[in-house]
Amino acid sequence: MSANRRIAKEYTDLQANPINNVTIEPDENNVLHWTGVMEGPVGSCYEGGKFKIEATFPLEYPFKAPAIKFLTRIYHPNITQEGLLCIGLLKPDAWKPSIRIEHVLRAIVNLLVEPNPEDAIVASIAEQFTKDYDVFKTTAQDYVRKYAS
């Protein structure tokens, strides 16, 4: 199955079974590029935020992982200021062709609920998360108000 057919099927499946907190769709002229919005989950530091995201699928998909990026600034130990994401299942040694974009998006929503300071891409935020959670939470919520409202 070609990348385009697999991606089209996954999008059809997402429409039939949407993911809470996520609205995403392929660009009209390029099925390999998706854009959307991820809402901060209720009860998380990001509650109330609306974060623009993009997914870029390689031509080798599903044999290579898609690249996911936050276009809206977010204060998170697993997401850089540039929006790059550190999540286990997207790493080359963990990626498997059986993983679908639905799994990736659900894992990212979960990462907003439960950041993973053990696998941080921003060490200073991870340290703050583990040593001074209240300051982390306040800063994360300030970012939501400033950038994701």
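The values are calculated or read from the model by the stated rules, or taken from the named source; none is laboratory data. What you see is a predicted model; the values in this text were computed from it and never measured. Don't worry about glycine lacking a Cβ; one is built from the backbone with ideal geometry, like all the others, and counts go over all protein chains shown.
What the table shows:
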item	result
Scan of the range 6-51 for residues that are charged (D, E, K, R) and over 26 Å from residue 133 (Cα atoms), ordered by number	6, 9, 10, 13, 25, 27, 28
Residue that is closer than 28 Å to residue 12 by Cα, surrounded by 16 or more Cβ atoms within 10 Å (Cβ to Cβ) and touching a Ser or Thr at 6+ places or on another chain (Cβ under 9 Å), where the choices are 66, 77, 117	66
Tally, over the range 20-30, of residues that are surrounded by fewer than 16 Cβ atoms within 10 Å (Cβ to Cβ) and either more than 18 Å from residue 71 (Cα to Cα) or in contact (Cβ under 8 Å) with a residue 12 or more places away in the chain (or both)	6
Condition check for residue 74: among the aliphatic types (A, V, I, L, M), part of a loop (DSSP other than H, G, I, E, B) and either in contact with a Lys or Arg (Cβ under 6 Å, 6 or more places away or on another chain) or at pLDDT 95 or above (or both)	yes
Residues located in the range 34-63, provided they are within 16 Å of the chain's Cα centre (by Cα), surrounded by fewer than 18 Cβ atoms within 10 Å (Cβ to Cβ) and among the charged types (D, E, K, R)	47, 50, 52, 54
Which numbered condition residue 5 misses (of (1) surrounded by fewer than 19 Cβ atoms within 10 Å (Cβ to Cβ); (2) touching a residue at least 24 places away in the same chain (Cβ under 8 Å); (3) out of contact with any Leu (no Cβ under 7 Å at 6 or more places or on another chain))	(2)
Cβ-Cβ under 8 Å pairs, at least 6 apart or on other chains, the range 41-64 side at positive phi, far side in a loop (DSSP other than H, G, I, E, B) and of a type outside the set (A, V, I, L, M, F, W, C)	48/40; 48/149
Number of positions in the range 120-140 that are surrounded by 18 or more Cβ atoms within 10 Å (Cβ to Cβ) and in contact (Cβ under 8 Å) with a residue 60 or more places away in the chain	2
Residue under evaluation residue 37, criteria (1) among the aliphatic types (A, V, I, L, M); (2) within 26 Å of residue 147 (Cβ to Cβ); (3) without any contact (Cβ under 8 Å) to a residue 24 or more places away in the chain; (4) not in a strand (DSSP E or B), criterion not met	(4)
Filter result (within 18 Å of residue 32 (Cβ to Cβ) and in a helix (DSSP H, G or I)) within the range 77-102	90, 101, 102
